[in-house]
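Let me begin by presenting the structure, written as structure tokens, before commenting on it.
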Amino acid sequence: MVLIHSLHSHNDLPWFLKNNHDNRLEDIDLSTNIADQYDITHTDIPRLRAGKVGAQFWAAYTSCDSQYKDAVTHVLDQIDVIKRMCAKYPEDFQFVTSADGIEQAFSEGKIGGLIGVEGGHNIDSSPAVLRMLVELGMRYMTMTHSCNTPWADNWLTDSDEENPEFDGLTDWGKKIVKEMNRIGVFLDLSHVSVATMRDALEVTDAPVIFSHSSAFSVCGSFRNVNDEVLPLVRENGGVIMVNFYTKYINCPPNNVTDDLETAELVQVVEHIQHLADVCGYDCVGIGGDYDGVDTVPNDLEDVSKYPNLIAALIQNGWSEENIKKLIGGNLLRAMKAMEDVRDSMADELPLEENMPRTSGGEKDNTCRTYYYNSD
């Protein structure tokens with residue numbers, strides 16, 4: 001079997017660049033293997049090439065600490081470094097914003113670079129900011145990170161540590177879902193609560209993705225996707241992109257050792273196989289989460305190791321057709337369907353309703369300037 005290059009949905013190299021170099025690209029040479037220069041690093045151009053990566057969603061991430069403060073500034077900073085990174089290495093990277101663009105990058109032997117914004121707090125509850133981020137190239141938005149937005153519950157509300165605030169999406173949050181459908185951006189349901197997953201899947205007209213989540217039944221972290229949600233994802237035509245973070249791969253009920261600080265490639269295969277068995281081979285892909293986590297499974301140490309996973313799946317009986325779906329076919333199909341929904345809504349008007357600042361959802365919104373007087 002001849003392997004084609006693959007498409008992955010979540011890599012935090014931009015966050016690595018922010019933390020280590022304040023986004024100064026002149027301080028680092030991504031055209032070389034930088035593994036020996038840092039304690040933890042997973043991504044550079046030689047290792048992307050060795051891993052046969054053909055396209056990558058780069059995560060524009062900002063922490064929850066920026067909510068109600070300077071989240072928009074920080075997310076623009078991360079979008080800027082993604083674009084500058086693609087421009088600095090034009091022989092290897094090609095910035096793209098569409099399914100057709102991904103295929104064109106494949107055909108030219110380049111790595112297609114796309115933008116995913118990690119955390120709904122980055123739009124500051126503004127449909128105008130959402131639309132402008134799409135203008136800049138964002139093609140998925142993770143609806144929450146590890147904090148609630150004023151319109152959606154995050155995954156921690158499924159644990160005993162915190163109670164749900166909204167029991168999913170608020171009415172305004174559902175309007176944001178529809179606006180994302182209209183302007184052509186994936187809903188990313190990694191990091192959200194089960195109730196938010198259900199609400200989003202009920203409201204959306206386009207396929208969703210989970211950009212970096214695994215199977216809850218295999219590893220019972222609330223960051224993973226519960227079996228009760230999987231039929232809804234299958235019906236929606238969405239894709240669950242498996243996360244490689246050790247803590248979301250090796251944990252009860254199916255941890256293979258008592259050492260939860262390590263994981264094995266075979267466990268990633270187990271997550272992928274479970275999702276394929278329950279949700280279908282059309283709804284599973286590869287997320288990764290490289291450079292966003294500090295531990296990954298043995299034999300998947302960095303982006304050069306993706307072929308190890310493919311070899312293990314072939315050994316596990318996967319057909320060439322299903323391998324191609326996993327390594328990019330499913331995500332590309334879902335993206336084309338998402339774009340079709342966008343095109344079908346071309347005559348609909350933009351969402352002009354800002355979230356009421358007195359809705360009770362905002363927790364610390366004193367740093368606001370108000371220009372509109374409703375009286």
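The values are calculated or read from the model by the stated rules, or taken from the named source; none is laboratory data. Because the structure is predicted, anything quoted here is derived from the model rather than measured. Here the Cβ positions follow ideal geometry from the backbone for every residue, glycine too, while neighbour counts run over all protein chains shown.
Being touching a Ser or Thr at 6+ places or on another chain (Cβ under 8 Å), part of a helix (DSSP H, G or I) and of a type in the set (F, W, Y), is that true of even one residue in the stretch 287-305? Scanning the stretch 287-305, I find no residue that is touching a Ser or Thr at 6+ places or on another chain (Cβ under 8 Å), part of a helix (DSSP H, G or I) and of a type in the set (F, W, Y), so the answer is no.
For the residues D12, D29, the requirement of being among the charged types (D, E, K, R), crowded, with 24+ Cβ neighbours inside 10 Å, out of contact with any Leu (no Cβ under 8 Å at 6 or more places or on another chain) and at pLDDT 95 or above singles out D12. Looking at this structure, is L300 crowded, with 19+ Cβ neighbours inside 10 Å and more than 16 Å from G237 (Cα to Cα)? Answer is yes for this residue. The residues of the stretch 179-201 that are out of contact with any Gly (no Cβ under 9 Å at 6 or more places or on another chain) and under 15 Å from N236 (Cβ atoms), listed by number, are M180, N181. The residues of the stretch 269-293 include none that are free of Cβ contacts under 8 Å to residues at least 24 places away in the same chain and in contact with a strand residue (DSSP E or B) (Cβ under 7 Å, 6 or more places away or on another chain). Comparison of G317, G328 shows that the only residue that is in contact with a Leu (Cβ under 6 Å, 6 or more places away or on another chain) and farther than 25 Å from D39 by Cβ is G328. Checked against (1) out of contact with any Cys (no Cβ under 7 Å at 6 or more places or on another chain); (2) not in a helix (DSSP H, G or I), R182 passes all but condition (2).
In the stretch 202-221, the residues that are among the acidic types (D, E) reach residues that are part of a loop (DSSP other than H, G, I, E, B) with C-beta atoms within less than 9 angstrom, at least six apart or across chains, in these pairs: D205/M345. If only residues of the stretch 211-241 that are of a type outside the set (A, V, I, L, M, F, W, C) and not in a loop (DSSP other than H, G, I, E, B) are counted, the one that is surrounded by the most Cβ atoms within 10 Å (Cβ to Cβ) is N236. For the stretch 72-108, the tally of residues that are under 18 Å from the mean Cα position of the chain (by Cα) and more than 18 Å from K18 (Cα to Cα) stands at 6. Applying the condition of being within 21 Å of V229 (Cα to Cα) and surrounded by 15 or more Cβ atoms within 10 Å (Cβ to Cβ) to the stretch 251-266 and asking which residue is modelled with the lowest pLDDT yields N254. Is the stretch 311-324 home to any residue that is crowded, with 17+ Cβ neighbours inside 10 Å, under 28 Å from Y61 (Cα atoms) and out of contact with any helix residue (DSSP H, G or I) (no Cβ under 6 Å at 6 or more places or on another chain)? Scanning the stretch 311-324, I find no residue that is crowded, with 17+ Cβ neighbours inside 10 Å, under 28 Å from Y61 (Cα atoms) and out of contact with any helix residue (DSSP H, G or I) (no Cβ under 6 Å at 6 or more places or on another chain), so the answer is no.
Tallying residues that are surrounded by fewer than 22 Cβ atoms within 10 Å (Cβ to Cβ), in contact (Cβ under 8 Å) with a residue 40 or more places away in the chain, out of contact with any Lys or Arg (no Cβ under 9 Å at 6 or more places or on another chain) and not in a loop (DSSP other than H, G, I, E, B) within the stretch 47-69 yields 3.
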